[in-house]
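Worksheet: the structure to be examined is printed underneath.
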Amino acid sequence: MIDTEMHATMGDPDRARRAADTIPLRRPGQAEEIAAAVAWLMSPDASYATGAVLRVSGGR
């Protein structure tokens, strides 16, 4: 679960809290955290990474 405007407008204010309770880090991810993973994958630092799955999931 990524904290976006979509979650704020879904009509159930407790839905995000209940969903966050199922994530080991106990909070939704931030768009910036996903962007940082994508930036790393696109950078020269990831030049030797092949065929890997990078899970950015809060431990889920």
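The values are calculated or read from the model by the stated rules, or taken from the named source; none is laboratory data. Keep in mind that what you see is a predicted model, and the values were worked out from it rather than measured. Glycine also receives a Cβ, built like all others from the backbone with ideal geometry; neighbour counts cover every protein chain displayed. Please note that ligands, DNA and RNA were not included when accessible areas were found on the heavy atoms of the full protein model with its side chains. Shrake-Rupley method; radii C 1.70, N 1.55, O 1.52, S 1.80 Å.
Taking into account only those residues within region 30-60 that are assigned to a loop (DSSP other than H, G, I, E, B), closer than 17 Å to Ile2 by Cβ and not aliphatic (A, V, I, L, M), which is least open to solvent (accessible area, probe 1.4 Å)? Ranking the qualifying residues of region 30-60, first place goes to Gly58.
If you take the residues in region 14-37 that are charged (D, E, K, R) and modelled with pLDDT of 95 or more, which one is farthest from Val56 (Cα to Cα)? Among them, the one singled out is Glu32. May I ask you to list the residues in region 1-25 that are in a loop (DSSP other than H, G, I, E, B) and either aromatic (Phe, Trp, Tyr) or touching a residue at least 12 places away in the same chain (Cβ under 8 Å) (or both)? Result: Met1, Asp3, Thr4, Thr22, Ile23, Pro24, Leu25.
Sub-7 Å Cβ pairs linking a first residue in region 39-59 that is under 25 Å from Pro28 (Cα atoms) and without any contact (Cβ under 8 Å) to a residue 60 or more places away in the chain to a second residue that is assigned to a helix (DSSP H, G or I) and not aliphatic (A, V, I, L, M), at least 6 apart or interchain, are Val56/Glu33, ordered by first then second residue.
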